[in-house]
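Engineer: Okay, here's the structure, questions in a sec.
The values are calculated or read from the model by the stated rules, or taken from the named source; none is laboratory data. The model shown is predicted, which means the values in this text are computed figures rather than measured ones. Backbone-built Cβ (ideal geometry, glycine too); neighbour counts: all protein chains shown.
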There are 4 protein chains.
Amino acid sequence: MNNYSKRAPVGIVGFRGYSGAELVQLLKRHPAVDIFLLEHRSDSEAPPRPLGAQPLITIPATAAAVKQEGLAVVFLATPAEVSMELAPGFLEAGAKVIDISGAFRLSDAGTYRRWYNAEHSAAQLLDEAVYGLPEFYREKIVPARLIANPGCYPTAANLAIRPLIEAEVVDRTRGVICDAKSGVSGAGRKPSLKTSFCEVAENFSAYSIMEHRHVAEVLQHSCLGEREFTFTAQLIPISRGILETIYIRTQRVEKAVDLLSIYEERYANEPFVRLYAPGKTPDLRAVQHTNFCDIGFVYDAASQRAVIVAAEDNLVKGAAGQAIQNMNLALGFPETEGLL
Amino acid sequence: MNNYSKRAPVGIVGFRGYSGAELVQLLKRHPAVDIFLLEHRSDSEAPPRPLGAQPLITIPATAAAVKQEGLAVVFLATPAEVSMELAPGFLEAGAKVIDISGAFRLSDAGTYRRWYNAEHSAAQLLDEAVYGLPEFYREKIVPARLIANPGCYPTAANLAIRPLIEAEVVDRTRGVICDAKSGVSGAGRKPSLKTSFCEVAENFSAYSIMEHRHVAEVLQHSCLGEREFTFTAQLIPISRGILETIYIRTQRVEKAVDLLSIYEERYANEPFVRLYAPGKTPDLRAVQHTNFCDIGFVYDAASQRAVIVAAEDNLVKGAAGQAIQNMNLALGFPETEGLL
Amino acid sequence: MNNYSKRAPVGIVGFRGYSGAELVQLLKRHPAVDIFLLEHRSDSEAPPRPLGAQPLITIPATAAAVKQEGLAVVFLATPAEVSMELAPGFLEAGAKVIDISGAFRLSDAGTYRRWYNAEHSAAQLLDEAVYGLPEFYREKIVPARLIANPGCYPTAANLAIRPLIEAEVVDRTRGVICDAKSGVSGAGRKPSLKTSFCEVAENFSAYSIMEHRHVAEVLQHSCLGEREFTFTAQLIPISRGILETIYIRTQRVEKAVDLLSIYEERYANEPFVRLYAPGKTPDLRAVQHTNFCDIGFVYDAASQRAVIVAAEDNLVKGAAGQAIQNMNLALGFPETEGLL
Amino acid sequence: MNNYSKRAPVGIVGFRGYSGAELVQLLKRHPAVDIFLLEHRSDSEAPPRPLGAQPLITIPATAAAVKQEGLAVVFLATPAEVSMELAPGFLEAGAKVIDISGAFRLSDAGTYRRWYNAEHSAAQLLDEAVYGLPEFYREKIVPARLIANPGCYPTAANLAIRPLIEAEVVDRTRGVICDAKSGVSGAGRKPSLKTSFCEVAENFSAYSIMEHRHVAEVLQHSCLGEREFTFTAQLIPISRGILETIYIRTQRVEKAVDLLSIYEERYANEPFVRLYAPGKTPDLRAVQHTNFCDIGFVYDAASQRAVIVAAEDNLVKGAAGQAIQNMNLALGFPETEGLL
């Protein structure tokens, strides 16, 4: 672990939510940052667990406070509408902004309106925002002021699908199907009947079939057309973790190792993507509480069918961990600092 | 199973809650009742699961509707304040009322005020209300118009403790300790952070230590004084079931079988209390989805310590099942009808 | 509920397993049978929960005992190799046999060998065995001596897929994908690391991708070719329930209601198949502890994509409940007796 | 975080079990150790999760290998009989041994025989072994060669009870009751019906009432007599965490803050004991994945009853974390290194 002569002050809005609290937990292990909790009026509940022995500094979630403390980065673990409200002022105040909401992920206001069914109130920033998937946009993330941290589902989906699309081994006429399952923390911390214990426990259900807003992110970054990509979101009765089972038909692939070598080449130097031998697929335990996205597959050469399984922790690689990975890039720290 | 020439029409208010929905499920197996769902303004959510193939009749939760349909019994699976509002009119309309809330369980308005921290709005009915624990009050239940179905925790506690108090084998100077654990459905169906999946899952916590309102019911029916009875409520990350671990010191008990024989005598003819051999104690699986309360214990003769374990399904013997047991008594059906 | 002048004596081998114990629970509510527990040497553990207040009669799992008691039906809730060993003698002894294992589900010994990787030791019975999926083989089940109760996964899969295949609205060149998820009881009760609590809890994993032995049953009854049907089995960290998400491309279907009407026609008189309005899909809670298979779907007319969700309780419609449904047919009782 | 000029080589036997795997995970974050996996013939299963990106060095679990690598510490995350077999040779080979089993926790061979129902095969080491509860035996741990890491239940029990015994505020004539609940990982990783998913999930049960072998450790270190301490172990359907609800009657305590101040004085400088304000008690989420033991209580001054709740992660403060705390002491590292 490196020694840092200078520590960067970083702020977190939304530290009472699951992603925000995870950010605090993870950043406390990061050797080069000082943590500021930014208190926003929309917060009220106690944090999901004690934030630690030493109390952290709390300041208001205002541009003035961001400026006064000279925050290098502010993480927004907030609803999209709060992110759109806060981001402009924080950027103005000199901080880089890493937004964990969906506010700045889509390319333009029209696409946002369609999938989020709402007007974008900070559309002037959409051109500038960089999609924070380091495995594909590292060079753009380094200098970016505004980083849109990817959605939890699209992170795993794009990591699993895009290398195969780029290598042109997917028979796109047959479509790509992503059957996704997520732990409940992905739905946020606001109480609702849908995430009440007795409704979720011992249960399993599908939702937003073919119309989940995360589909837009996959389309944008995988180059698939809307009719080529079928996505089902499903709720597993556990707290954290996403597993996606992806079905494709290949072309120009003779055997399993050919498929593997496409992934291997693409991810040879990626610290947070782990590949499995053909025939082996990850479970959630392999990735929970880590920033890894694990990918494995089973391939039937005779019929050219591939079933790919990608797993990640929705709160880490799917949210807080990837946000820190982006921060490391944006502040010039080693990309894995605090994450291994 | 008997044949009934005449079926009794019975109504349920609060069928969208967990206890109410359980009532509907159980009553559908009862051969001698016709079910009416009584729609109350305080309801809004969809029921927790499909109510079945054949749609049930829904009528307003009003005294006029109760009278018009000639309901023999109305179950109130409602908050206490709604029960206090509805019970007088329904009794007036000629129905017997079985209330699953805490509204009519305590002996007087003052005791209610102290434990529920609210005024009683139907105190005139408290004298008439009968505590619906059949194992102890069967004769009073049969003719009663208003039956106060016991709380989930007190049902198991009273069944486990009272026979020993009556037999004068409890060393009351040492106190009685009840360490109680409940599944989450006991907290009702209204969404709250405390019963949100991610707060409860993989967790375990104590609440209302020494001040749970159910203590009042145990004191009232076990003859214990307030300082003699220590009660801790705790939340198990499961949907249903209550297990209570009870600690006493005995007097005048030589060996384990002496303790057992006290229970055996008391419960010889009770269809819903099952006793275990000394040294064996029930788990929740034994009682879930049944109307049984199972009781077992471990006894150390040398030190006169007894650890008693009582288990029940909080939604059945602790709520809907016991309510049907009371209905069977009140309407003259065999006590076990629809419950075995 | 009918009155039966004569009750049928029925036996259960394997009552200590999950399917067998479920059979006992369900049969105890059946008004027309007397239950015999058949004790087999391969059993040893205590049953998963108390079998009830009244002790049941236990006899040896031998042809002689079956004959002596004149059992009308024997249920085999046993591993396939035990079923192959016991079935011939029990048939000889005059009982009808309903086998819950995979022993008699496949059409011939070669197919069995391929998918079960073992020799069939009672192949002479394969021709006679009837596949016990009442919705498709009711007429054959009624007179059958040997009924092969369908596997848990294939029950839901065939009910969801076959009507569409028969109606020729599936574009088979695009394949049928079934992403299946099951509770852990489907793996049986024998302890193994794979079904240990700490390995399964908070986890989710895929297994037997494209090579699960249940695939053979779907192929056999859905008329799909092996390369047309892709099946993934996955383990949900819950005890019971199967949910299958099925992806097809249609042909000759204009809108969602056209798809629904195919199902409605096919299942108009089926008591245990429930259909949902287009856009609605079942969760597991809707079917747990019931003999229903619920089917819903979302349809995108523009791209002719249908995502179908089928849900059942693997221990009921997927095992014990369907076995009783078959028994009702074979013994001339109303098909729903004891199951609603 | 300090920089260490020299890293200590440490070994782990039993890295495929839950405690051993947790040790590996935690030690990978420790800046001053190099990890060696010691392969023992009794191991066979794959580890519970990937051990990380970089493969770790594996050597045989023999004294020769320990000597050759010059291991400073060997952790034994093994059954007691394996620990008794390995410890003597590893000490001989120059390593300090930190044993996570119960082999060296009790004071003499007779006590071991009584509670473990087996002969001790390395009794010559019992005098030398130091009980590794740093909060009470820090000075002895620093120079010790053989450290007996405390049991999971006794760690929380002793931390919660002993300060009050020492302060003489417990009315010992009334006894001390500890109602303990544990996640399933405490039972180890060997498959058994008792820890199978479908037996544990949605269930709750008590076991070893008044006769759990961990009682011996509490008696030994709390100064309570056997008849003064009543202990019930119970299984929560979760993977990790212990919560103990402890009931005492006090003497010489006027109000809640007096009780708190006893704890505060005792634990003023303890980095891993957190105290709660009177009336607040910890839940498991507060301590999971941490090395903290959290203690809170509710006090009723009128009746002198105190209900104390202590919570810890059985795999961390109750096993692997405390073992590292002991290692830090024994090797001269800061006590909290790698644990905050």
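Engineer: Of the residues B:Pro31, B:Pro55, only one is of a type outside the set (Val, Ile, Thr) and either at positive phi or touching an Asp or Glu at 6+ places or on another chain (Cβ under 9 Å) (or both); which?
Structural biologist: Of the residues listed, the single one that is of a type outside the set (Val, Ile, Thr) and either at positive phi or touching an Asp or Glu at 6+ places or on another chain (Cβ under 9 Å) (or both) is B:Pro31.
Engineer: Just for the range C:168-185: of the residues that are within 10 Å of chain A (Cβ to nearest Cβ) and basic (Lys, Arg), which one is nearest to C:Gly225 (Cα to Cα)?
Structural biologist: My answer is C:Arg174.
Engineer: Being surrounded by fewer than 19 Cβ atoms within 10 Å (Cβ to Cβ) and at positive phi is the filter here; which residues of the range D:219-275 pass it?
Structural biologist: Those that are surrounded by fewer than 19 Cβ atoms within 10 Å (Cβ to Cβ) and at positive phi: D:Cys223, D:Arg252.
Engineer: Now for a different question. Which residues, counting only those in the range C:96-112, are more than 23 Å from C:Val218 (Cβ to Cβ) and buried (at least 24 other Cβ atoms within 10 Å of the Cβ)?
Structural biologist: Within the range C:96-112, C:Val97 is the sole residue that qualifies.
So that you can scan it fast, the table gives a plain yes or no per residue for (1) within 15 Å of the chain's Cα centre (by Cα); (2) over 30 Å from A:Ser208 (Cβ atoms):
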| position | (1), (2) |
| --- | --- |
| C:Gln288 | yes, no |
| C:Asn291 | yes, no |
| C:Ala301 | no, no |
| C:Val307 | no, no |
| C:Glu312 | yes, no |
| C:Leu315 | yes, no |
| C:Ala320 | yes, yes |
| C:Ile324 | yes, yes |
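Engineer: Moving to a separate point now. Could you count how many residues in the range C:168-183 are buried (at least 23 other Cβ atoms within 10 Å of the Cβ) and either among the polar types (S, T, N, Q) or in contact with a His (Cβ under 6 Å, 6 or more places away or on another chain) (or both)?
Structural biologist: 1
Engineer: Still on this model: Inside the range A:5-28, can you point out the residues that are in contact with a Phe, Trp or Tyr (Cβ under 8 Å, 6 or more places away or on another chain) and either modelled with pLDDT under 95 or within 12 Å of chain D (Cβ to nearest Cβ) (or both)?
Structural biologist: The answer is A:Ala21, and nothing else.
Engineer: Turning to a different aspect of this structure: Looking at the range C:154-167, is at least one residue farther than 30 Å from C:Lys255 by Cβ, buried (at least 18 other Cβ atoms within 10 Å of the Cβ) and either among the polar types (S, T, N, Q) or not assigned by TED's automatic domain parsing to the domain that holds C:Gly225 (or both)?
Structural biologist: Checked the range C:154-167: no residue is farther than 30 Å from C:Lys255 by Cβ, buried (at least 18 other Cβ atoms within 10 Å of the Cβ) and either among the polar types (S, T, N, Q) or not assigned by TED's automatic domain parsing to the domain that holds C:Gly225 (or both).
Engineer: Here's a follow-up. Tally the residues that are part of a helix (DSSP H, G or I) and farther than 22 Å from B:Cys178 by Cβ, restricting the search to the range D:173-215.
Structural biologist: So the count comes out to 12.
Engineer: What number of residues within the range B:227-254 are more than 8 Å from chain D (Cβ to nearest Cβ) and more than 21 Å from the chain's Cα centre (by Cα)?
Structural biologist: Number satisfying all stated conditions: 7.
Engineer: Within the range C:282-316, restricting attention to residues that are over 18 Å from A:Ser205 (Cβ atoms) and more than 11 Å from chain A (Cβ to nearest Cβ), which residue is surrounded by the most Cβ atoms within 10 Å (Cβ to Cβ)?
Structural biologist: Ranking the candidates gives C:Val316 first.
Engineer: Among the strands (runs of 3 or more DSSP E) lying completely within the range D:237-340, list those that include at least 2 residues that are in contact (Cβ under 8 Å) with a residue 12 or more places away in the chain and of a type in the set (D, E, K, R).
Structural biologist: Those strands (runs of 3 or more DSSP E) span D:242-249, D:305-312.
Engineer: State all residues of the range D:119-144 that are among the hydroxyl-bearing types (Ser, Thr, Tyr) and either free of Cβ contacts under 8 Å to residues at least 24 places away in the same chain or closer than 13 Å to D:Arg105 by Cβ (or both); if no residue qualifies, say none.
Structural biologist: Across the range D:119-144, the qualifying residues are D:Tyr131, D:Tyr137.
Engineer: Given the residues A:Gly52, A:Gly102, A:Gly110, which is the only one that is within 25 Å of A:Gln325 (Cα to Cα) and either assigned by TED's automatic domain parsing to the domain that holds A:Met210 or at pLDDT 95 or above (or both)?
Structural biologist: Result of the check over A:Gly52, A:Gly102, A:Gly110: A:Gly102.
Engineer: Condition first: exposed (fewer than 15 other Cβ atoms within 10 Å of the Cβ) and in contact with a Gly (Cβ under 9 Å, 6 or more places away or on another chain). Can you find one or more residues in the range B:69-81 that meet it?
Structural biologist: Yes; the residues of the range B:69-81 include at least one that is exposed (fewer than 15 other Cβ atoms within 10 Å of the Cβ) and in contact with a Gly (Cβ under 9 Å, 6 or more places away or on another chain).
Engineer: Now for a separate question. Restricting to the range C:255-281, count the residues that are hydrophobic (A, V, I, L, M, F, W, C), more than 14 Å from every other protein chain (Cβ to nearest Cβ) and touching a helix residue (DSSP H, G or I) at 6+ places or on another chain (Cβ under 7 Å).
Structural biologist: Residues flagged as hydrophobic (A, V, I, L, M, F, W, C), more than 14 Å from every other protein chain (Cβ to nearest Cβ) and touching a helix residue (DSSP H, G or I) at 6+ places or on another chain (Cβ under 7 Å) within the range C:255-281 amount to 1.
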